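Working notes, beginning with the structure itself.
The values are calculated or read from the model by the stated rules, or taken from the named source; none is laboratory data. Computed from a predicted model, the values in this text were never measured in an experiment. Ideal geometry is used to build each Cβ from the backbone, glycine not excepted, and the neighbour counts take in all protein chains shown. For the accessible areas, the whole protein counts, side chains as well, though only heavy atoms, and no ligand, DNA or RNA atoms are used. Shrake-Rupley method; radii C 1.70, N 1.55, O 1.52, S 1.80 Å.
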Amino acid sequence: MFAKAVLAVLSALSGATQQSVPMPLPTEPHPWVEACEDWDEWDKPGPAFQVHGNTWYVGTCGIAAILVTSDDGHVLIDSGTQAGADLVLANIRAAGFDPADVKLLLASHEHFDHVGGMARIQEATGAPLITSLIGAQAMASGEAHSDDPQAGLHEPMRPVAKVLPFFDESAQYLLHRFGFWPIPTPGHTPGAMSWAWRACEGETCRVAVYADSLSAVSSDDYRFVDHPDYLSKFVESFERIADYGSCLLLTPHPSGSNMRGKLMGGDLAQPLAAPCDAYARQQRAALLMRLLREDPDNAYALVGLIAQGQDKR
């Protein structure tokens, strides 16, 4: 599979290997656990913390933002809302880094709760934003794409000035420079993206994946069964994430990957299972239930579509 080849490339970028070391249970609650609840408010402040090596959580209690640091500059994934962007900038500083050293911005999906503050972040950093072609169009205009299942539900965002699709030559150079791999994952939105990179702490390295929401949320009158081409791309997105297997999983809503529960258990970076595969299966099952509610008379065909994706693996 394509993702397995990516994993081989990412592994080759470092002589370190993935290691699983038993971790003692924490004796005191993690500061983020004390401050935040599951599915918390989007703009509720939460403390920054180190996830693993060069990877930091700098988002709010309800919306993730991830800072990946390097000697050549830093990469920030997602901004939160327009109000949340200032909390993200404050968390970057609290973690000991200067927003002016952020040289690249990446986006998950083109909704205001995750990237509505990107224009504010770009003002503070001067960094270009890289996303999908549809995502780039939405970020440049501030308007959702007409194919978005939630089109018309959200207020426009502030347009972003410097935005590139991930396949642009300049974007490819920047992604290579900072060691990021783009993973197109349309479904929750038509321009949704996920991202993979190498997170190392000493000799212990993990392939980190910031996997998009992959949830089948829409306006009341939208039916996924009426959009077979879109649905097919959605199903392929599950496979792209599942192939990363035992990744270090992070998601735009921290509760989507049970971040609070993992922190209560001790360490986000420990490969105790196959979280990317489990996450894809969970979101695939949720889509299946949605399809069965939309069109129960064609249940077998819908089940077959999902099963076909599973069989590819």
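Screening Trp181 against (1) open to solvent by less than 50 Å² (accessible area, probe 1.4 Å); (2) under 14 Å from Leu106 (Cβ atoms); (3) in contact (Cβ under 8 Å) with a residue 60 or more places away in the chain; (4) not in a helix (DSSP H, G or I) leaves a single unmet condition, (1).
Taken over the range 293-304, the criterion of being surrounded by 14 or more Cβ atoms within 10 Å (Cβ to Cβ), at pLDDT 90 or above and assigned to a helix (DSSP H, G or I) is satisfied by Glu294 alone. Within the range 113-130, residues that are under 10 Å from Ala85 (Cα atoms) reach partners that are open to solvent by 10 Å² or more (accessible area, probe 1.4 Å) and among the basic types (Lys, Arg) with beta carbons closer than 6 Å, at six or more positions or on different chains, in the pairs Ala119/Arg158. In the set (1) open to solvent by 10 Å² or more (accessible area, probe 1.4 Å); (2) under 24 Å from Pro275 (Cα atoms); (3) touching a Leu at 6+ places or on another chain (Cβ under 6 Å); (4) not polar (S, T, N, Q), the condition left unmet by Glu203 is number (3). Scanning the range 99-125 for residues that are of a type in the set (Val, Ile, Thr) and open to solvent by 10 Å² or more (accessible area, probe 1.4 Å) yields a single hit, Thr125. Against the conditions (1) open to solvent by 40 Å² or more (accessible area, probe 1.4 Å); (2) assigned to a loop (DSSP other than H, G, I, E, B); (3) at pLDDT 95 or above, Leu164 satisfies every one except (2). Candidates Ala3, Ala8: the one that is modelled with pLDDT under 95, over 20 Å from Pro128 (Cα atoms), small (Gly, Ala, Ser) and open to solvent by less than 10 Å² (accessible area, probe 1.4 Å) is Ala3. Inspect all residues belonging to the range 163-180 and state whether any of them is of a type in the set (Phe, Trp, Tyr), in contact with a helix residue (DSSP H, G or I) (Cβ under 9 Å, 6 or more places away or on another chain) and under 14 Å from Asp78 (Cβ atoms). Yes: one or more hits. Residues in the range 87-140 that are within 20 Å of the chain's Cα centre (by Cα) and of a type in the set (D, E, K, R) were compared, and the one that is farthest from Gln172 (Cα to Cα) is Asp113.
Restricting the range 240-256 to residues that are assigned to a helix (DSSP H, G or I) and open to solvent by 10 Å² or more (accessible area, probe 1.4 Å), the residue that is nearest to Ala48 (Cα to Cα) is Ser255. For the range 28-49, residues that are closer than 12 Å to Leu263 by Cα and either surrounded by 16 or more Cβ atoms within 10 Å (Cβ to Cβ) or at pLDDT below 95 (or both) total 7. Residues that are closer than 22 Å to Tyr279 by Cα and either aliphatic (A, V, I, L, M) or touching a strand residue (DSSP E or B) at 6+ places or on another chain (Cβ under 7 Å) (or both) within the range 206-228 comprise Arg206, Val207, Ala208, Val209, Tyr210, Ala211, Asp212, Leu214, Ala216, Val217, listed in sequence order. The residues in the range 126-149 that are outside any helix (DSSP H, G or I) and either in contact with a helix residue (DSSP H, G or I) (Cβ under 9 Å, 6 or more places away or on another chain) or surrounded by 15 or more Cβ atoms within 10 Å (Cβ to Cβ) (or both) can be counted, and the count is 14.
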